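Colleague: One structure, pasted below without further comment.
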Number of protein chains: 2
Amino acid sequence: MPTNRQIILAQKPNGKLTAESFRLAEGPMPSPGEGEVLVKARYVSLDAANRAWMQGVTYRSALETDAVMAGGSLAEVVESRAPHLKAGDLVFADTGWQAYAAIQAKHLEALPKLEPVTHLLSIYGVTGLTAYFGLLRIGDPQPGETVVVSAAAGAVGSIVGQIAKIKGCRVIGVAGGPQKCAWLKDHLGFDEAVDYKAGDVRRQLRALAPDGVNVYFDNTGGDIFEAALFNMANHGRIVCCGAVSQYDDAPPAHGPRGVPGLIVTKRLKVQGFVVMDFYDGPNGKAAALAELQAWVAAGKIKVQEDVIDGLENLPAALIGLLAGENRGKRMVRV
Amino acid sequence: MPTNRQIILAQKPNGKLTAESFRLAEGPMPSPGEGEVLVKARYVSLDAANRAWMQGVTYRSALETDAVMAGGSLAEVVESRAPHLKAGDLVFADTGWQAYAAIQAKHLEALPKLEPVTHLLSIYGVTGLTAYFGLLRIGDPQPGETVVVSAAAGAVGSIVGQIAKIKGCRVIGVAGGPQKCAWLKDHLGFDEAVDYKAGDVRRQLRALAPDGVNVYFDNTGGDIFEAALFNMANHGRIVCCGAVSQYDDAPPAHGPRGVPGLIVTKRLKVQGFVVMDFYDGPNGKAAALAELQAWVAAGKIKVQEDVIDGLENLPAALIGLLAGENRGKRMVRV
């Protein structure tokens, strides 16, 4: 009888995530019930949110230990007991970190066939849609405005900056290290880049945006959030997408200075979102995907992916992502 | 030759504001130039913002020492050298803390004559309009939602809570001391009141709003902001109106915890504003004043004013306001 390779969350981290939190296991092959599908994970998505789930209740329940680590995959249907899906269909599914999973089919939909299929996890997946809706619906960037994005070389940030360029903005990316910063400017076409590892992001931003920042797309929280907040222009918008600086440790003891004082005096809007909130309606998911495809086809968005081989490498892949070692969308091929 | 009694900002406070920062003086009677009016201050408005101006640049320049303390008044035109104003007209003017001022008339407008004239500084002045636009345009409260307001017994807060009741919300006020809390419920019709001096506002709010807070109208910042943030419901709105807890001291070393983490996971909108941003257009100032007048006439809003006599009492009036001793709109009759 075939077995199912799995990564188990052995213990919740206390401080920085390490490989100790995980163990490899062999579980039984799941069997789909009525209304379910058996899927095989092809690419598991790595996201900073995976780490946030270990801290407690977010938009999903906190994780349990001694269970398969939670995570989403681009998966292929192997056996279907649901009328709208058949073997060979590709779906996004909450498989967890394992090779096979039996999943309720009700909320799954067959994805379009396109090459490379990895794009279904990056630019045409939650990553691309998060960048698209967060920037355009909450940030509302206008031509000529200055847009700053943190974790700019990451999956979401690299797309945010390119969409802001398409919209006629001046774009400043915040990233770690001179190589990433050079890549943002030379390869992705950002106007400027700030290396947060070089220190004093607040002053670096002030020098690059003396008239203030109109839109700040925040993927990090913490000190970079504070540095951007102090550099906002009047009526600026801060898009709160994630707070990766705050996930891989105990919850921070303090928040950024200037809250709420600067929000008042600069008349800022600071708003969080979850991408699914924007999926419905005529300007929802389908329209967004069509626009993203057109931009990719026209060469206006360069898609950067970081694919690692082997289910057993999932823990290291997540630990490395939290340390900022990836460029673009990181995923593990199973 | 008549003289002009003035309160001078003798030195900027270092920590809590005290009477040491001010001195009484006699200046020359000003003489209006072409396009100016000479006005006599009748009621000087006291606002927490007066203290914020001493800290640095806000929406106006920082104050200078050895100059007349800045402040707004309900003032009467004594002599006009501008065609659209005549002696006897009432105006709002940036007179500063003095009996007489010569003011550029261009941005002044004659106010309607109504009794009591003090209402022009409270419910029909910046105070009432701040409550109205901040709550309705940014907070967007819906019937049945839970609205929390801090500094609830203050000038703005007492009106915010009453408008939220008109809109069919459940209203919780945060104020200091059992007397104020009882007054909010018994006199103004708030549903609940939280005494922040009794400690643990976060837990008190959780008990009173177990399903979460939909709209938080923040007049205080600091610990009360943090307590509300942790109790927000998904898709909640935080209206950032002022941060009185942070004005009367050095700028705080840290901001509230949960920023931006909770803003993301709860999909919150946190927005600051300045009331003048809403004055124009068909739903602007005139429409707001008409609605406020109708509510006052119908007895749906009770106007609370705290009038102190004597220009020389302005410093004590401001110091007391920062300590939270007032109920409703505080002003000094000159």
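Colleague: Helix-derived [θ] at 222 nm for chain B: sum -39500 (n - 2.57) over DSSP H runs of at least 4, divide by residue count, nearest 500?
Modeller: Taken over chain B, the calculation gives -6500 deg cm²/dmol.
Colleague: With a sphere of radius 15 Å drawn around the Cβ of residue B:201, what net charge do the other residues whose Cβ falls strictly inside it have (Lys, Arg +1; Asp, Glu -1)?
Modeller: My count for the surroundings of residue B:201 gives 0.
Colleague: Residue B:16 versus residue A:300, label points 7 Å from Cα toward the beta carbon: distance in nm?
Modeller: 5.9
Colleague: Here's another thing I want to ask about it. Between residue B:280 and residue B:107, take the C-beta separation as r, use R0 = 22 Å, and let me know the FRET efficiency to the nearest 0.05.
Modeller: 0.95
Colleague: On a full-extension model of 0.36 nm per residue, what is the gain between residue A:179 and residue A:115, subtracting their alpha-carbon distance, rounded to one decimal in nm?
Modeller: Fully extending the segment from residue A:179 to residue A:115 adds 20.1 nm.
Colleague: Quick one: which residues, 5+ away or cross-chain, put their amide H under 5 Å from the amide H of residue A:328? H built at 1.01 Å from N.
Modeller: Counting only residues 5 or more places away or on other chains, the set is A:154, A:155.
Colleague: While we're looking at this one, here's another question. Please give me the summed charge of the neighbours of residue A:191: other residues whose Cβ is under 9 Å from its Cβ, Lys and Arg +1, Asp and Glu -1.
Modeller: +2
Colleague: Enumerate the amide H contacts of residue A:216 below 5 Å, restricted to partners 5 or more residues apart or on another chain; note that Pro and chain-start residues carry no placed amide H.
Modeller: HN-HN under 5 Å from residue A:216: A:148, A:237, A:238, A:239.
Colleague: For segment B:164-200 and segment B:12-61, write down the distance between their C-alpha centroids in whole Å.
Modeller: Here the answer is 32 Å between Cα centres.
Colleague: Now for a separate question. Could you calculate the contour length gain from residue B:94 to residue B:249, that is, 0.36 nm times the residue separation minus the distance between their Cα atoms, to one decimal place in nm?
Modeller: 53.3 nm
Colleague: Near residue B:167, which aspartates and glutamates are there with a Cα under 18 Å away, not counting those fewer than 8 places off in the same chain?
Modeller: B:140, B:145, B:191, B:192, B:291
Colleague: Let me ask you something else. At a threshold of 8 angstrom on Cα-Cα distance, excluding pairs fewer than six apart, so keeping six or more, what relative contact order does segment B:126-276 reach in percent?
Modeller: Dividing the mean separation by the residue count of segment B:126-276 yields 22 percent.
Colleague: Still on this model: Can you list, shortest first in nanometers, how far residue B:67 lies from the same residue in the other copies, with each label 7 Å from Cα toward Cβ?
Modeller: Once sorted, the set of distances for residue B:67 reads 6.3 nm.
Colleague: Taking the Cα-to-Cβ direction at residue B:26 and at residue B:4 and moving 7 Å from each Cα, how far apart do the two end points lie in nm?
Modeller: 1.6
Colleague: What percent do you get for the relative contact order of segment A:1-156 when only Cα pairs under 8 Å and 6+ apart count?
Modeller: 22
Colleague: Can you give me the C-alpha center-to-center distance between segment B:207-234 and segment B:88-121, rounded to a whole angstrom?
Modeller: 37
Colleague: Does segment A:126-276 come out rounded, prolate or oblate, given a ≥ b ≥ c as the square roots of the eigenvalues of its C-alpha gyration tensor, rounded meaning a/c under 1.5 and, failing that, prolate meaning a/b above b/c?
Modeller: Judged from the Cα gyration tensor, segment A:126-276 comes out rounded (a/c under 1.5).
Colleague: Moving on to the next point. What length, rounded to one decimal in nm, is gained on full extension from residue B:200 through to residue B:166, with 0.36 nm per residue of separation minus their alpha-carbon distance?
Modeller: Once the chain is fully extended between residue B:200 and residue B:166, it gains 9.4 nm.
Computed from the coordinates by the stated procedures, all read-outs in this text should not be read as laboratory data. This is a predicted model, so every value here is computed, not measured. Cβ atoms come from the backbone with ideal geometry, glycine included; neighbour counts cover every protein chain shown.
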